[in-house]
Amino acid sequence: MALVKPIIYQIVGYQNSGKTTIILKIIEILKNEGIKSATIKHHGHGGRPDILSQKDSAKHINAGAVASLVEGDGRICLQADETALTLEEQIRFVEFFRPDIILIEGHKMKSYPKLLILRDENDLSLISDVSNIKNVIVWHKDLTNALREKLAVPVFHITEEKSLMKISKDLIKLVHNIDEKS
């Protein structure tokens, strides 16, 4: 759909805040609306992400290949080693697949529009640490009203079903706005 460039939207929060679960739900909503998404995930657990073990591609990487690409029936799996790409380079890489939107999990300090997830009071420092917050989801009900009064962006409680629908609808509008300008 997007002809100019994809919309970029981050989902950020500390570890175990629900980022992956929320991204999965947003992807599903977008797909049901005909929006093509791609994701970039920051491996924030320290060290290298796991490779698909026991497959030939893993054997190729373990033998010293810097990249191994496997294709079958329209699916491509790529594993690369000794390749440190900046977030901007990763974005350019996934743009090859022509997504309408790129959802980035993590990379808190980047300035793309973002959904901020706060588990409890200990996470409140993120409000001042990150930029370009467009939506906030909180885990504790008592924080919801306090943040609604303090912030000039929509604040949702994690159990509010409408939250992900509203966020997704706003993203869909952005995608269609790009189409209209093309």
Practice task
Among the listed pairs K114/K173; K110/K166; K110/K169; K108/K141; K31/K169, give every one whose C-alpha distance is greater than 19 Å.
Solution key: K110/K166; K110/K169; K108/K141
Handout entry: Charged-residue dipole, Cβ positions (Lys, Arg, Asp, Glu), the chain about Cα centre, Debye nearest 20
Key = 300 debye
Fill in the blank from the handout: Carbon plus sulfur, as percent of the 1.4 Å-probe accessible area of the chain, comes to 53 percent
Fill in the blank from the handout: Here the gain from full extension of S128 to V153, 0.36 nm per residue of separation minus their alpha-carbon distance, amounts to 7.6 nm
Exercise for the section: Give the angle, between 0 and 90 degrees and rounded to the nearest 10, that separates the Cα long axis of helix 141-150 from the longest principal axis of the Cα atoms of the chain. Expected result: 80 degrees
Practice task
For every other residue with a beta carbon closer than 12 angstrom to the beta carbon of K41, add +1 if it is Lys or Arg and -1 if Asp or Glu, then tell me the sum.
Solution key: 0
Practice task
Could you work out which residue, out of S57, S131, S163, moves most in a Gaussian network model of the chain, that is, has the largest mean-square fluctuation with Cα springs under 10 Å?
Solution key: S57
Fill in the blank from the handout: The helix 19-32 Cα axis meets the longest alpha-carbon principal axis of the chain at an angle in degrees, between 0 and 90 and rounded to 10, of 80 degrees
Handout entry: Inter-label distance for T20 and A67, nm, one decimal - labels placed 7 Å from Cα along Cα-to-Cβ
Key = 2.5 nm
Practice task
Would you mind checking the tilt of helix 161-181 against the longest principal axis of the Cα atoms of the chain, expressed as 0 to 90 degrees and rounded to 10?
Solution key: 70 degrees
Problem - Qualifying chymotrypsin sites (Phe, Trp or Tyr not before Pro) for region 78-182 [loop in DSSP, other Cβ within 10 Å: at most 15] - result: F96, F97
Fill in the blank from the handout: Mean-square fluctuation maximum in Gaussian network of the chain, Cα pairs under 10 Å, restricted to K55, K36, K19, hits K55
Exercise for the section: Would you check the accessible area of E33, probe 1.4 Å, heavy atoms only, in square angstrom rounded to 10? Expected result: 90 Å²
Fill in the blank from the handout: Sequence order, region 90-102: Karplus ³J(HN,Hα) from phi using 6.51 cos²θ - 1.76 cosθ + 1.60, θ = phi - 60°, Hz rounded, Gly and Pro as x, gives 4, 4, 4, 5, 6, 4, 3, 8, 6, x, 7, 9, 10
Problem - Selected from E82, E149, E161 as most flexible by GNM, with the chain as the system and alpha-carbon contacts under 10 Å - result: E82
Practice task
Report the Stokes-Einstein translational diffusion coefficient (µm² s⁻¹, integer) for the chain, Rh taken as the Kirkwood radius over Cα pairs, at 4 °C with viscosity 1.567 mPa s.
Solution key: 72 µm²/s
Handout entry: Note, ³J(HN,Hα) from phi for region 6-18, Karplus 6.51, -1.76, 1.60, rounded to Hz, x at Gly and Pro
Key = x, 5, 10, 9, 9, 10, 10, x, 6, 3, 6, 8, x
Practice task
Show that you can apply the helix-only estimate: for the chain, add -39,500 (n - 2.57) for every DSSP H stretch of four or more residues, divide by all residues, and state [θ] at 222 nm to the nearest 500.
Solution key: -11000 deg cm²/dmol
Handout entry: Computed over the chain: relative contact order in percent, which uses C-alpha pairs under 8 Å that are six or more apart
Key = 33 percent
Fill in the blank from the handout: On the formula 1/(1 + (r/R0)^6), with r taken between the Cβ atoms of E82 and E160 and R0 of 41 Å, the FRET efficiency rounded to 0.05 is 0.40
Exercise for the section: Determine the order of R119, R92 by accessible area, beginning with the largest, at a probe radius of 1.4 Å. Expected result: R92, R119
Problem - Of Y112, N122, H140, farthest towards positive along the dipole that unit charges on Lys, Arg, Asp, Glu beta carbons give region 100-182 - result: Y112
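The values are calculated or read from the model by the stated rules, or taken from the named source; none is laboratory data. The structure displayed is predicted, hence computed values, not measured ones. Every residue, glycine as well, gets a Cβ built from its backbone with ideal geometry; the counts of neighbours run over all protein chains shown. We work out accessible area using only protein heavy atoms, side chains counted, and drop any ligands, DNA or RNA first. Shrake-Rupley method; radii C 1.70, N 1.55, O 1.52, S 1.80 Å.
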